[in-house]
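K.L.:
My structure is below; once you've seen it, I'll send some questions.
The values are calculated or read from the model by the stated rules, or taken from the named source; none is laboratory data. Given the structure is predicted, the values throughout are model-derived calculations rather than measurements. Neighbour counts run over all protein chains shown; Cβ positions are idealised from the backbone, glycine included.
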Amino acid sequence: MTAEIAVEKLSEAEARAELARLADVLAKANTAYHAEDAPAMDDAGYDALKRRNAAIEARFPDLKRDDSPTDQVGAAPSDGFTKVTHAVAMLSLSNAFDAEDVQEFDGRVRKYLGLSADAPLAFTAEPKIDGLSLSLRYEQGRLVQAATRGDGAVGENVTANARTITDIPAEITGAPEVLEVRGEVYMSHADFEALNRRQTERGGKTFANPRNAAAGSLRQLDAQITRARPLRFFAYAWGALSAPLADTQKGAIDRLADFGFSTNPLTALCTSSDEMLAHYAHIEEQRATLGYDIDGVVYKVDDLALQERLGFRSTTPRWAVAHKFPAELAWTRLEGIDIQVGRTGALSPVARLQPVTVGGVVVSNATLHNEDYIKGLDSKGQEIRGGKDIRVGDWVQVYRAGDVIPKVADVDLSKRPADAAPFVFPDTCPECGSDAIREPGDAVRRCSGGIICPAQAVEKLKHFVSRAAFDIEGLGDKQVEQFHIDGWIAEPADIFTLRDRYGSGMQQLKNREGWGEKSAQNLFDAIEEKRKIPLARVIFALGIRHAGEAASNLLALHYGTWAAFEAAMQSAAGQEGEAWEDLIGVDGIGAVMADSLVNAFAQEAERASIDRLVAHLDIAEAKRADTSGSPVAGKTVVFTGTLEKMTRAEAKARAERLGAKVSGSVSAKTDILVAGPGAGSKAKKAAELGIETLDEEGWLTLTSGA
């Protein structure tokens, strides 16, 4: 793809194709963000594509398209609103992403104005509100029109909706005859959370972040819906004027405040790029505590006469720039550390954070991995974050990329509260009080309570009905959790007696909220369908630690039937003897997994739970391929050394396809050893036991006709 080719390496044909692609992708992104209030990509991805487009146009200026994203502002207004042509275009801002960009902005302005590096030059620096741009037109002090940005030239008439916002005065005194106030409609974090709770209770749409919520609320066709939404407004600029507001940007903002508009208290005057960067850092530090979303800091030349001289490019002013925060990072306060207990008993620490928007998503929790991570150590005991531990009350940097779970990346020790104490990781389970044990070599502490631990019970049940396990239609995480809370399902076996217990009588499933006769019958039928189940699914569904889907398939193919598998796990309980050697000899099943398997069957309570489940099932024998005529069917094969004509995975798959069992170790039960160059102890042991040994060529010859 041309998108992966560096700009400087693009041919002219590739550049033309890439510009066409970028125009299409960015146009769709603009529509999704500005017109549909449903962003299709995050800000960082959008900015990266715009920078790539601009770089290609700079290298191939003759290829610039008529619909170039460089010349686009926002998106065309929706057909649901009447159109408003802006008397003064609502342009976007160019972006800065680091200190060097800010210094270059300062240098460009000075060069254009013919000012030396040390000549006095003031800038305003203010938070960049992450909301929806709005223009308010006042005539003789009365609000007569409100319009969205739209495509910069034409916006949507949202006057009725704007009149419902408390921060927007219907009348102002002392203003010019014509005054067009511009600013940002936004929603506070607290109001956003309350709105989403109400939407959830009503079964309505919830919003990903406050910006989407604000934009969706302002652009309602019914103003009464907007009135019910808690929108706010910050004023920070102006459009058409019948008389000047002031001589400076700061003076004009102060004048808007005098008229009764909310202006941002963090707006400050700076006299150099260093001061601008210092104020940027000051604002970034407060980002999580502001109570509303910002995504950067905007710098503007303060002197309005100089702004006039500097003028505009096609879509952006020369006298202003937006210094964006890193899209995936944000600083916030750690309010608490919760311990969650998972299906395998793992105690997982979770950071409770003061909510902050990171990468377009409101983040209030982040993983802390394990107790070593909290201490500032990695899995090998080496320092991370410079050895800084994490404490409740700390100011922490949160990292999020794509759909990855948010993480705590750093700690600002300069803001650590004097009374912040090192976190003491619990050695008992917070759910059941059982000992939480950390085994040697394990980074995780685990509850020893097993099925008596309610957290493990619920998570094991959720795993049991998951897609790769029993996959019962109509019985998902939500239903399992509620049934467990109500005492209807305590263990997997209870699922298969649900109809007998709650299909009729006083308490019936069909009478529960959210259920009816049809949905209840469908669930009972779906449960019945799963009584006959493949062996591999049963093994996986048991939720035995380390035994994932792939391992469960290996075990099913190796043992064939539930009876054989169960007997082998019992026989291997002492972790010695033929059954144990056979188990750890299954290629892909190591000693750690084998230990988990036999221990699960050795625990009296867990074993009884398994037996109660199996009594309700018809477990199908694992299907093996037809290997009639195969020279290695039923034989145990071990591969060692370097294979030159196929990978180890290919060799293993070929052997299993021909009906052989592939083992990872040589024993008296091994029939064939396939030894490539570098074969060591396994070849020696095979020779001592008199096991047939083939080189790779011999193995291929033996199996080529099968």
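K.L.:
Report, by residue number, each residue of segment 365-401 that is over 28 Å from residue 433 (Cβ atoms) and without any contact (Cβ under 8 Å) to a residue 60 or more places away in the chain.
P.N.:
Listed by number, the residues that qualify are 376, 378, 380, 381, 382, 383, 384, 385, 386, 387, 388.
K.L.:
Would you point out the residue of segment 279-295, among those that are of a type in the set (Gly, Ala, Ser) and either in contact with a helix residue (DSSP H, G or I) (Cβ under 8 Å, 6 or more places away or on another chain) or surrounded by 14 or more Cβ atoms within 10 Å (Cβ to Cβ) (or both), that is nearest to residue 235 (Cα to Cα)?
P.N.:
Per the stated criteria, the residue is 291.
K.L.:
So which pairs qualify, if the first residue must be in segment 307-332 and without any contact (Cβ under 8 Å) to a residue 60 or more places away in the chain, the second must be charged (D, E, K, R) and assigned to a strand (DSSP E or B), the Cβ gap must be under 6 Å, and the two must be at least 6 apart or on different chains?
P.N.:
If the second residue must be charged (D, E, K, R) and assigned to a strand (DSSP E or B), the pairs left are 325/295.
K.L.:
Could you tell me whether segment 634-642 includes any residue that is in contact (Cβ under 8 Å) with a residue 40 or more places away in the chain, in a helix (DSSP H, G or I) and surrounded by fewer than 20 Cβ atoms within 10 Å (Cβ to Cβ)?
P.N.:
Within segment 634-642, the first condition is being in contact (Cβ under 8 Å) with a residue 40 or more places away in the chain, and the residues that meet it are 636, 638, 640-641.
Then drop every residue that is not in a helix (DSSP H, G or I), which leaves none.
Looking through segment 634-642, none of the residues is in contact (Cβ under 8 Å) with a residue 40 or more places away in the chain, in a helix (DSSP H, G or I) and surrounded by fewer than 20 Cβ atoms within 10 Å (Cβ to Cβ).
K.L.:
Please list, ordered by residue number, the helices (runs of 4 or more DSSP H) wholly in segment 506-624 having 3 or more residues that are within 38 Å of the chain's Cα centre (by Cα) and surrounded by 14 or more Cβ atoms within 10 Å (Cβ to Cβ).
P.N.:
Working: elements: 517-529, 535-541, 549-559, 562-571, 578-585, 591-602, 604-614.
Once the helices (runs of 4 or more DSSP H) in segment 506-624 are filtered for at least 3 residues that are within 38 Å of the chain's Cα centre (by Cα) and surrounded by 14 or more Cβ atoms within 10 Å (Cβ to Cβ), what remains is 517-529, 535-541, 549-559, 591-602, 604-614.
K.L.:
Show me the helices (runs of 4 or more DSSP H) entirely contained within segment 169-266 in which 1 or more residues are in contact with a strand residue (DSSP E or B) (Cβ under 7 Å, 6 or more places away or on another chain) and surrounded by 16 or more Cβ atoms within 10 Å (Cβ to Cβ). Show your work before the answer.
P.N.:
Numbers: elements: 189-202, 210-218, 223-227, 249-258.
In segment 169-266, 189-202, 210-218, 249-258 are the helices (runs of 4 or more DSSP H) which contain 1 or more residues that are in contact with a strand residue (DSSP E or B) (Cβ under 7 Å, 6 or more places away or on another chain) and surrounded by 16 or more Cβ atoms within 10 Å (Cβ to Cβ).
K.L.:
Right, next: Identify the residue in segment 292-344 that is part of a strand (DSSP E or B) and of a type in the set (Asp, Glu) and, among all such residues, is farthest from residue 363 (Cα to Cα). Give the steps one after another, and end with the answer.
P.N.:
At the first step, the residues of segment 292-344 found to be part of a strand (DSSP E or B) are 294-301, 303, 312, 317, 320-324, 329-341.
If we keep only those that are of a type in the set (Asp, Glu) too, we end up with 295, 303, 335, 338.
Values: 295: 14, 303: 39, 335: 13, 338: 15 Å.
Out of the qualifying residues, it is 303.
K.L.:
Restricting attention to segment 671-702, and to residues there that are crowded, with 16+ Cβ neighbours inside 10 Å and farther than 21 Å from residue 647 by Cα, which single residue is modelled with the highest pLDDT?
P.N.:
Taking the candidates together, the pick is 691.
K.L.:
Hey, any hits in segment 615-629 for a residue that's hydroxyl-bearing (Ser, Thr, Tyr) and touching a Leu at 6+ places or on another chain (Cβ under 8 Å)? Explain how you work it out, then say what you get.
P.N.:
Step one: of segment 615-629, the residues hydroxyl-bearing (Ser, Thr, Tyr) are 627-628.
From the residues that got through so far, the ones that are touching a Leu at 6+ places or on another chain (Cβ under 8 Å) too are 627.
Yes, segment 615-629 contains at least one residue that is hydroxyl-bearing (Ser, Thr, Tyr) and touching a Leu at 6+ places or on another chain (Cβ under 8 Å).
K.L.:
Only one of these is surrounded by 18 or more Cβ atoms within 10 Å (Cβ to Cβ) and either of a type outside the set (Phe, Trp, Tyr) or not assigned by TED's automatic domain parsing to the domain that holds residue 351 (or both): 422, 426, 406, 430. Name it. So that I can check it myself, show each step before the final result.
P.N.:
Numbers: 422 fails: surrounded by 18 or more Cβ atoms within 10 Å (Cβ to Cβ); 426 fails: surrounded by 18 or more Cβ atoms within 10 Å (Cβ to Cβ); 430 fails: surrounded by 18 or more Cβ atoms within 10 Å (Cβ to Cβ).
Only one candidate passes the filter, namely 406.
K.L.:
Filter segment 483-503 down to the residues that are assigned to a helix (DSSP H, G or I) and either over 24 Å from residue 605 (Cβ atoms) or of a type in the set (D, E, K, R) (or both) and list them by number. Reasoning before the result, please.
P.N.:
Keep residues of segment 483-503 that are assigned to a helix (DSSP H, G or I), which gives 483-485, 492-495, 498-502.
Matches in segment 483-503: 494, 499, 500, 501, 502.
K.L.:
I would also like to ask the following. Given (1) modelled with pLDDT of 90 or more; (2) farther than 24 Å from residue 357 by Cα; (3) buried (at least 17 other Cβ atoms within 10 Å of the Cβ), where does residue 163 come up short, assuming only one miss?
P.N.:
Result: residue 163 fails condition (3) only.
K.L.:
Is segment 412-419 home to any residue that is free of Cβ contacts under 8 Å to residues at least 60 places away in the same chain, part of a loop (DSSP other than H, G, I, E, B) and among the polar types (S, T, N, Q)?
P.N.:
no
K.L.:
How about segment 480-511: which of its residues are in contact (Cβ under 8 Å) with a residue 40 or more places away in the chain and hydroxyl-bearing (Ser, Thr, Tyr)? Please lay out each step first, then the result.
P.N.:
We begin by selecting, within segment 480-511, every residue in contact (Cβ under 8 Å) with a residue 40 or more places away in the chain; these are 491-493, 496-497.
497, the sole residue that qualifies.
K.L.:
Go through (1) outside any strand (DSSP E or B); (2) touching a strand residue (DSSP E or B) at 6+ places or on another chain (Cβ under 6 Å) for residue 89 and report which single condition fails.
P.N.:
(2)
K.L.:
Looking only at residues that are among the charged types (D, E, K, R) and touching a Lys or Arg at 6+ places or on another chain (Cβ under 8 Å) in segment 440-479, which one is surrounded by the most Cβ atoms within 10 Å (Cβ to Cβ)? Steps first, please.
P.N.:
To start, the set of residues in segment 440-479 that are among the charged types (D, E, K, R) comprises 442, 445-446, 459-460, 462, 467, 471, 473, 477-478.
Adding the requirement that they be touching a Lys or Arg at 6+ places or on another chain (Cβ under 8 Å) leaves 445-446, 459-460, 462, 471, 477.
On the way: 445: 23, 446: 21, 459: 22, 460: 25, 462: 20, 471: 16, 477: 14.
Residue satisfying both the conditions and the ranking: 460.
K.L.:
Please verify whether segment 678-697 includes one or more residues that are within 15 Å of residue 557 (Cα to Cα) and small (Gly, Ala, Ser).
P.N.:
Filtering segment 678-697 for residues within 15 Å of residue 557 (Cα to Cα) gives none.
No, every residue in segment 678-697 fails to be within 15 Å of residue 557 (Cα to Cα) and small (Gly, Ala, Ser).
K.L.:
So residue 144 clears everything in (1) crowded, with 23+ Cβ neighbours inside 10 Å; (2) aliphatic (A, V, I, L, M); (3) assigned to a strand (DSSP E or B) except one condition, right? Which one?
P.N.:
Unmet for residue 144, out of (1) crowded, with 23+ Cβ neighbours inside 10 Å; (2) aliphatic (A, V, I, L, M); (3) assigned to a strand (DSSP E or B): (1).
K.L.:
I've got another one for you. Of all residues being farther than 18 Å from residue 304 by Cβ and touching a strand residue (DSSP E or B) at 6+ places or on another chain (Cβ under 9 Å) in segment 115-129, which is surrounded by the fewest Cβ atoms within 10 Å (Cβ to Cβ)? Just the residue, please.
P.N.:
Within segment 115-129, the match that is surrounded by the fewest Cβ atoms within 10 Å (Cβ to Cβ) is 128.
K.L.:
Just one of 96, 58 is of a type in the set (A, V, I, L, M, F, W, C) and without any contact (Cβ under 8 Å) to a residue 24 or more places away in the chain; which is it? Steps first, please.
P.N.:
Details: 96 fails: without any contact (Cβ under 8 Å) to a residue 24 or more places away in the chain.
Just one listed residue meets the conditions, 58.
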